[in-house]
Amino acid sequence: MKIIFFAKIRELIGKEEENIILPENIITVNDMVSFLKQYNKIYYNVFENYDFFIACDEELVDMDYNISKTKEIAIFPPVTGG
Amino acid sequence: MIDIRIQSKGFNFEKEIKKFQKTKIDGAVVCFLGSVRDLESEEELKKLEIEYYPKMAKKVLKETAKKAFDKWNLSQCLIIHRFGKLNVNESIVLIITQTKHRKDAFRANEYIIDFLKINAPFWKKEHTNRKSYWVEQNKKDIDMSI
């Protein structure tokens, strides 16, 4: 799974993207977040202490969204455009 | 016609409005121009950096313009949003809406900027004479869109 990061989240994670093979039991966004929190301390810190949004293939999604057909996941802070 | 542009270079909003007037489809044209403002503190803003998620930003702006287009029966709609490092007073965003009646043009324009502020994946980082930090989302923007 390709995961990309933007803005403050990108700086906290320390990279622009990561390719991670998710286990088969990871079905939803919530599952993925739980998995990443155990994956390393950096993800744990981000998901525990910062506001974030998740987009699957360029669509904002909720935590119960099924990611089984998703090609690209983006994780980013609340937007501040305009 | 819907025209969406995301670009690093500046734009001339007078030229863009004139293009709308030239086509003379409908009489009411409303323009919103957002610019980089200086900080209301002792710090001096050196640059405002705008980062964005290219594929999603274009998609969100297109969908937002399309919704406004259909809801207020627009004849034309232009959205330009810049990215990169900008100076104080430089333009960031331009929204032009055109329709038959002024109220619809105003409402459509306001809808687009309000929606964009809390949904389009752009992020601002302020570089001041003392430090650099990411701008936090303004709660007022969220309240205004509800």
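Worth pointing out:
- Taking 0.36 nm per residue of sequence separation and removing the Cα-Cα distance, the residue B:91/residue B:103 pair yields an extension gain of 1.8 nm.
- Charge tally around residue A:74: other residues with Cβ under 13 Å, Lys/Arg +1 each, Asp/Glu -1 each, net -3.
- Selection from A:66, A:26, A:36 lying farthest towards where the dipole of region A:2-76 points positive, charges on Cβ: A:36
- If you take the Cα centroid of region B:91-146 and the Cα centroid of region B:1-33, the two points sit 17 Å apart.
- As a rough guide to protection, the peptides B:66-79, B:37-50 ranked by mean Cβ packing within 10 Å, highest first, stand as B:66-79, B:37-50.
- Centre-to-centre, using Cα atoms only, region A:1-79 and region B:53-67 are separated by 21 Å.
- Taking trypsin sites (Lys or Arg not before Pro) in DSSP loop states with no more than 14 other Cβ atoms inside 10 Å as exposed sites, chain A has its longest site-free stretch at A:16-68.
- Around the Cα centre of region A:2-76, unit charges on the Cβ atoms of Lys, Arg, Asp and Glu (plus for the first two, minus for the last two) sum to a dipole of about 280 debye.
- Percent of beta bridges antiparallel (DSSP, region B:2-145, rounded to nearest 5): 80 percent
- Scattering curve values for chain A, log₁₀ I(q)/I(0), Debye with Cα scatterers, q = 0.12, 0.17 Å⁻¹: -0.30, -0.62
- DSSP beta bridges fully contained in the protein assembly as shown are about 80 percent antiparallel.
- Among beta bridges that DSSP assigns inside chain A, antiparallel share in %, nearest 5: 75 percent
- Compared with the dominant principal axis of the Cα atoms in chain B, helix B:54-71 is inclined by about 40°.
- The rule of thumb for compact globular proteins, 2.2 N^0.38 Å, goes into the C-alpha radius of gyration of the protein assembly as shown 1.12 times.
- For chain B, the longest principal axis of the C-alpha atoms and the axis of helix B:102-119 are separated by about 40°.
- Volume per residue for chain B equals 107 cubic angstrom (convex hull of Cα atoms).
- Annotation: peptides B:133-141, B:6-14, B:90-98, ranked by per-residue average of other Cβ atoms within 10 Å with the highest first, follow the order B:90-98, B:133-141, B:6-14.
- Relative contact order computed over region A:2-76 (Cα-Cα under 8 Å; 6+ residues apart), in percent: 40 percent
- Here the convex hull built on the C-alpha positions of region B:74-116 has a volume of 73 cubic angstrom per residue.
Where a number appears in this text, it was derived from the coordinates with a stated rule and is not lab data. Because the structure is predicted, anything quoted here is derived from the model rather than measured. Cβ atoms come from the backbone with ideal geometry, glycine included; neighbour counts cover every protein chain shown.
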